[in-house]
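**Q** Before we start, here is the structure in question, set down as structure tokens.
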Amino acid sequence: MVIGVLQTPDGPRPAPGTDEIVSALSMANADLAAQLTALGATGKAEEVSKIAAAGRLAAPLVVAVGLGPAEALSTETLRRAAGAAVRELLSSHGTFRPKDGEVPTARRIGIALPMDGPEQAEAVALGALLGGYSFRRYRATAAADAGLTLFTEHDAAVDRGRVLATAMTLVRDLVNTAPADLVPADLADVATRVAADSGVNVQVFDENELAKDGYGGILAVGMGSVHPPRLVRLEYAHTGASKTVVFAGKGITFDSGGLSLKPPKSMETMKADMGGAAAVLGAIQAIAALRPAVNVIGYMCLAENMPGGSAQRPSDVITIYGGKTVEVLNTDAEGRLVLADALARSGADGPDLLVDVATLTGAQTVALGNRTAGVMASSDTLAAAIAEAARRAGEAMWPMPLPEDLRKGIDSSVADIANVAGDRAGGMLVAGLFLREFVPPGVRWAHLDIAGPAYNDGAPYGYTTKGGTGMAVRTLVQLAEDVAEGRLTGG
């Protein structure tokens, strides 16, 4: 049984909503607080303490998770607390993947954190489910089943949390999959299955169709690999919708850097370079389940960037969909090339909002670290509105500028534009300026650089385990809902 504990100047105190459990333990709140203090607990956020129930509850163990000070309590605090408690309990021995059958008592977890309203209930459900995530595909033993019970009356909110957790679990699984098992055709197949299960229309363009229709960016990036590229177009349609949103995701299933080869250490996490495309797929799956009144189109730009004998070369000139040419000075700046095709193609969809999402630049992590994504947009007001939508969804994003003085750095003497600038200053912003060149005229557009937050290469925290995080799914879903409700401002 998981309960919440607040941090106070006088030590840890049980959070509201735990009275019945405390009473069942034959304790007063003060007695439980004293026992927690004796265990060294303070109530700080995500701190986990365990107390034996000694037969006084059906549950053999009470788990007290810190919520921090009462004045700082938020939905994100609850998400992280639920995730930390469940992660501690299950470790690598269990996961919340739905299966039929009875779950052993030792792996059944009840959660009685503060859930006064639907937002809190959704947060706790999402945090608990994500905290219980375990990627076991390559392990000799499968994860044990586990069951989760939330003590709340907000069933619809819990269901929404489950929808989001399922979508983010899909993304985590894809990002964590070894690149040899997820080449572009494999990821396109996964998208086709998800679309069929979700009632979403899907088109897959192979290398021949890409060549016929002029998708020069995706083709060029995939030239060096024996695994040809793919473009997947997903379409969720709502009969009552008057607005259309287009999402485009970078899907480099492995990024060696191409002939501009990365150092070996830098390649170790490059299976995650398809995190943007995976986020688009996860978001479409969740949107199809939640049914907001908006049309949503998703593009997954899939290629493997390898240094084969037929790979594109530095100084090659390629033609993006629609006819604009690019001088490729660095083959490791490939994500912007595949996204350029999708951005240009989106003009035929007539979007009211166009958002691309990508693990695009190392400069993003230099500027904002590994937990906060960068947002660039067609206007500062739109960038701020996107970041605010992300905050409401529970994801950290920060609006960044697109300084016009940096644009001249990607002028080319032989083509319409170069794919990198001559120096490294403002690399995240330069990438955004490059992408802006391919946005259809007059379309509201935002670029989300999730290079750091899409993959956690450090220790687990809150509901975030090591590996793929599922970053950007919640924000994309929130944006679709905001457009459906007429909430999103900024041009």
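**Q** Restricting attention to the range 1-26, report how many residues are within 17 Å of A112 (Cα to Cα), out of contact with any Asp or Glu (no Cβ under 9 Å at 6 or more places or on another chain) and in a loop (DSSP other than H, G, I, E, B).
**A** Here the count works out to 3.
**Q** Just give me the residues in the range 257-286 being polar (S, T, N, Q) and buried (at least 24 other Cβ atoms within 10 Å of the Cβ), in sequence order.
**A** Q285
**Q** Could you give me the residue pairs with C-beta distances under 8 Å whose first residue belongs to the range 214-240 and is closer than 21 Å to D332 by Cβ and touching a residue at least 40 places away in the same chain (Cβ under 8 Å), whose second residue is surrounded by fewer than 21 Cβ atoms within 10 Å (Cβ to Cβ) and polar (S, T, N, Q) wherever it lies, and which are 6+ apart or on separate chains?
**A** Sorted first by the residue in the range 214-240, then by its partner, the pairs are G216/T319; M223/S310; G224/S310.
**Q** Criterion first (surrounded by 17 or more Cβ atoms within 10 Å (Cβ to Cβ) and over 20 Å from E485 (Cα atoms)) does G308 satisfy it?
**A** no
**Q** Can you tell which of R407, R391 is in contact (Cβ under 8 Å) with a residue 24 or more places away in the chain and part of a helix (DSSP H, G or I)?
**A** On the way: R391 fails: in contact (Cβ under 8 Å) with a residue 24 or more places away in the chain.
So the residue among R407, R391 that is in contact (Cβ under 8 Å) with a residue 24 or more places away in the chain and part of a helix (DSSP H, G or I) is R407.
**Q** Related question: Which residue is surrounded by the fewest Cβ atoms within 10 Å (Cβ to Cβ), if the candidates are limited to the range 383-412 and must be more than 30 Å from L126 (Cα to Cα) and of a type in the set (A, V, I, L, M, F, W, C)?
**A** Across the range 383-412, the extreme among qualifying residues is L406.
**Q** Identify the residue in the range 186-221 that is part of a loop (DSSP other than H, G, I, E, B) and under 27 Å from T166 (Cα atoms) and, among all such residues, is farthest from the chain's Cα centre (by Cα).
**A** Restricting attention to the range 186-221, the residues satisfying the condition of being part of a loop (DSSP other than H, G, I, E, B) are 199-200, 206, 214-215.
Filter once more, keeping what is under 27 Å from T166 (Cα atoms): 199-200.
Working: G199: 22, V200: 20 Å.
Across the range 186-221, the extreme among qualifying residues is G199.
**Q** Within the range 413-445, how many residues turn out to be among the polar types (S, T, N, Q) and surrounded by fewer than 16 Cβ atoms within 10 Å (Cβ to Cβ)?
**A** Matching residues across the range 413-445 total 1.
**Q** If you don't mind, there's one more thing I want to ask. Would you call D423 of a type outside the set (G, A, S) and under 30 Å from L67 (Cβ atoms)?
**A** In short, no.
**Q** When you go through (1) out of contact with any Asp or Glu (no Cβ under 8 Å at 6 or more places or on another chain); (2) touching a residue at least 24 places away in the same chain (Cβ under 8 Å); (3) small (G, A, S) one by one for G486, which number turns out not to apply?
**A** Of (1) out of contact with any Asp or Glu (no Cβ under 8 Å at 6 or more places or on another chain); (2) touching a residue at least 24 places away in the same chain (Cβ under 8 Å); (3) small (G, A, S), only one is false for G486: (2).
**Q** If you don't mind, another one. Between G470, G458, G452, which is over 16 Å from the mean Cα position of the chain (by Cα), assigned by TED's automatic domain parsing to the domain that holds T372 and assigned to a loop (DSSP other than H, G, I, E, B)?
**A** G458 is the lone residue from the list that is over 16 Å from the mean Cα position of the chain (by Cα), assigned by TED's automatic domain parsing to the domain that holds T372 and assigned to a loop (DSSP other than H, G, I, E, B).
Residues checked against (1) within 23 Å of L337 (Cα to Cα); (2) in contact with a Ser or Thr (Cβ under 8 Å, 6 or more places away or on another chain); (3) surrounded by 15 or more Cβ atoms within 10 Å (Cβ to Cβ):
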| position | (1), (2), (3) |
| --- | --- |
| A191 | yes, no, yes |
| V202 | yes, yes, yes |
| F205 | yes, no, yes |
| E209 | yes, no, no |
| G214 | yes, yes, yes |
| G224 | yes, yes, yes |
| P229 | yes, no, yes |
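**Q** Which one of these does A195 not meet: (1) at pLDDT 95 or above; (2) surrounded by fewer than 18 Cβ atoms within 10 Å (Cβ to Cβ)?
**A** (2)
**Q** Of the residues T464, T475, which single one is within 20 Å of L129 (Cβ to Cβ), in contact with a strand residue (DSSP E or B) (Cβ under 6 Å, 6 or more places away or on another chain) and not basic (K, R)?
**A** T464
**Q** If you go through the range 324-334 one residue at a time, do you hit one that is of a type in the set (G, A, S), in contact (Cβ under 8 Å) with a residue 40 or more places away in the chain and in contact with a Cys (Cβ under 7 Å, 6 or more places away or on another chain)?
**A** no
**Q** Ok, one more. Identify all residues within the range 136-167 that are outside any helix (DSSP H, G or I) and at pLDDT 95 or above; write none if there are none.
**A** Answer for the range 136-167, where residues must be outside any helix (DSSP H, G or I) and at pLDDT 95 or above: Y138, H154.
**Q** Being assigned by TED's automatic domain parsing to the domain that holds M115, crowded, with 22+ Cβ neighbours inside 10 Å, farther than 26 Å from E119 by Cβ and not charged (D, E, K, R) is the requirement here; does A33 meet it?
**A** Yes; evaluated as a whole, the condition is true for this residue.
**Q** Does the range 124-141 include one or more residues that are β-branched (V, I, T), free of Cβ contacts under 8 Å to residues at least 60 places away in the same chain, under 25 Å from Q478 (Cα atoms) and in contact with a Gly (Cβ under 8 Å, 6 or more places away or on another chain)?
**A** Yes; the residues of the range 124-141 include at least one that is β-branched (V, I, T), free of Cβ contacts under 8 Å to residues at least 60 places away in the same chain, under 25 Å from Q478 (Cα atoms) and in contact with a Gly (Cβ under 8 Å, 6 or more places away or on another chain).
**Q** Hey, another quick one. Might you let me know whether the range 225-241 holds any residue that is touching a helix residue (DSSP H, G or I) at 6+ places or on another chain (Cβ under 7 Å) and hydroxyl-bearing (S, T, Y)?
**A** Looking for residues that are touching a helix residue (DSSP H, G or I) at 6+ places or on another chain (Cβ under 7 Å) and hydroxyl-bearing (S, T, Y), one finds at least one in the range 225-241, hence yes.
The values are calculated or read from the model by the stated rules, or taken from the named source; none is laboratory data. What you see is a predicted model; the values in this text were computed from it and never measured. Glycine also receives a Cβ, built like all others from the backbone with ideal geometry; neighbour counts cover every protein chain displayed.
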